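Everything below concerns the one structure shown next.
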Amino acid sequence: MAQADRADRADRADTADTADTADRADTADAADAAETGQGGAGRRDTGTGHQDTGPGTWRADIRRVIRIGARPGPWKRGPVLAALALLLGLLMLLHAQIPNRIGNLGSLVETFLPWFGLFVPVLLAGALWRRSASAVAALLLPVTVWLNLFGGLLGDKSHPGGDLTVVSHNVGADNSDPAGTARDLAASGADVLALEELTQQARGTYEKGLAKAYPYHAVLGTVGLWSKLPLSDTRPVDIKQDVGPLGDTKPAEVKLAYNRALRTTVATDQGPLAVYVAHLGSARVNPREGFRTDSRDRNAQALGEAVAAERNERVVLLGDLNGTMDDRAFAGLTSQLRSAQSAAGDGFGFTWPESFPVARIDQILVRGVEPESSWVLPGTGSDHLPVAAGISW
C-alpha cells in the first residue's frame, strides 16, 4: 500500500508539471499574438529565409489601411475656411447690393471696403496650416475681386507737370496752431488753396498768414478759397443744411455764418475754371443707430445737383466730403466728376484720421481738366491730412 501511495503521488506530480509547462507555453503564444496584433512584430523566421505572417499581422494591416482611407484629403479639409473665403469674395463683389435700410450698413461696408483685403492673408494662413486645398482655391475669388476693385490704386499713375496745383485741407476747428498750419500750406506751392472748418476765431490768423502768398481769397461761413489768380462770381452753394419749417424761417445772414459750401470762378491763362469748396455733414457710427449719414447724404445730393447745373465745362471740387468715393451716397458726384487720386495718384491716399489714416474722405474731383498727379501732404496740426493735385488742360 505504501508503495502504491508513493506511485500515485509521483503520477500526480508529473501531471502537475506537465500542466504547468503547457500553461507557460500558452502564455508565450498569447504574448506572441499580442505583439503581432500591436505592431506586426509577429513575423517569425521559418528558417528558410522567409517571414511567417500570422493572422494578427493581417488584422493590423487592415486597420492601418482603414485609418489612412478615413483621413480627409486636402480637398476635404477646411470646409469652414473655404466657406469664409467665398463669403468674403461675395461680400466685396456684391457690396452695392448690401441694403442701407438697417443702420446704413451698405455705406459703412463701402467706406472701409479696401480693408476687407486684410482678411485674405489671415484666411490663407489658416488654409496652409490646415493643408486645405479647397480653402486655397476658394481664396482666388476674394483676391480677384479685390484686385479688380483696387488693384489700379497700387501703382503710381502720376505724370510730371501740370498747369495748376490745387490743395484742399480741413484745418480743424480744434487746431491749436492755425498760424503754423497757414505757414505749411503757403509753403506747399499751391496755386489754389481751399480750407474747410474755419472758425471765426481762427479766420483772421489764416487771412494774415496766407495774404502774402495768395492775394485773392473768399470766405463764406466756414469754408474759404485762397488763390494766386483772380476770383469772381463767388457765392454760397445751398447744400440743404437746414430742412423743414424751422430752417426756412432762418434769415440769410444767419445761414451764411455756418455756410459750408461755396462756388467761385478762377481766372486762369487757359480760361475760367469753376471751383467748388464743400464741407459735407459728418458721418457717425452709433451702436444703436448704426452708421449715421443723414445730413451728409442730403448735402451730397444737393451738391451733385449744383454741379449738374454748372455751365462751365471745367470744374474742380475741393473739400472734406466725409466719405469715400466707393460709398453709394456719392453716386450723384462720381457720375459727373473724376477723382484725381484714382486717376493720377499713388496708393489709396488716406487722409483721416491724421494719426493713423484709414479712409480718404478729403477729395479733389474734376471735370473738363486732366489730373496729372495727386498726393497727400504732411500733417499740419489738424485731424485731417491735406490733399493736393496737379491738373492741366
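The values are calculated or read from the model by the stated rules, or taken from the named source; none is laboratory data. This is a predicted model, so every value here is computed, not measured. As a convention, Cβ positions derive from the backbone with ideal geometry for all residues, glycine included, and neighbour counts pool all protein chains shown. Accessible surface areas use protein heavy atoms only, side chains included; no ligands, DNA or RNA. Shrake-Rupley method; radii C 1.70, N 1.55, O 1.52, S 1.80 Å.
Remarks
- Single residue of Ala125, Ala135 found to be touching a Leu at 6+ places or on another chain (Cβ under 7 Å), among the hydrophobic types (A, V, I, L, M, F, W, C) and more than 30 Å from Trp393 (Cα to Cα): Ala135
- Gly271 being at pLDDT below 95 and over 24 Å from Val171 (Cβ atoms): no
- Cβ-Cβ distances below 9 Å connect the following pairs, each with a first residue in the range 172-193 that is polar (S, T, N, Q), a second residue that is in a loop (DSSP other than H, G, I, E, B) and open to solvent by 40 Å² or more (accessible area, probe 1.4 Å), and a separation of six or more residues or different chains: Asn175/Glu197; Asn175/Gly381; Asn175/Asp383; Ser176/Gly381; Thr181/Gly381.
- Failed item, numbered, when Val316 is tested on (1) open to solvent by 10 Å² or more (accessible area, probe 1.4 Å); (2) among the β-branched types (Val, Ile, Thr); (3) part of a strand (DSSP E or B): (1)
- Complete set of residues in the range 229-260 that are touching a Pro at 6+ places or on another chain (Cβ under 7 Å) and either modelled with pLDDT of 95 or more or in a strand (DSSP E or B) (or both): Asn259
- Any chance Leu303 is within 19 Å of Val387 (Cα to Cα) and either part of a helix (DSSP H, G or I) or touching a strand residue (DSSP E or B) at 6+ places or on another chain (Cβ under 8 Å) (or both): no
A quick yes/no check of all residues on (1) modelled with pLDDT of 95 or more; (2) in a loop (DSSP other than H, G, I, E, B); (3) over 21 Å from the mean Cα position of the chain (by Cα):
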{"position": "Ala329", "(1), (2), (3)": "yes, no, no"}
{"position": "Phe356", "(1), (2), (3)": "yes, yes, no"}
{"position": "Pro378", "(1), (2), (3)": "yes, yes, yes"}
{"position": "Gly390", "(1), (2), (3)": "yes, no, yes"}
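- Yes/no for Glu207 being among the charged types (D, E, K, R) and within 15 Å of Gly319 (Cα to Cα): no
- Any chance Ala278 is open to solvent by less than 60 Å² (accessible area, probe 1.4 Å), outside any helix (DSSP H, G or I) and either under 30 Å from Met92 (Cβ atoms) or in contact with a His (Cβ under 6 Å, 6 or more places away or on another chain) (or both): yes
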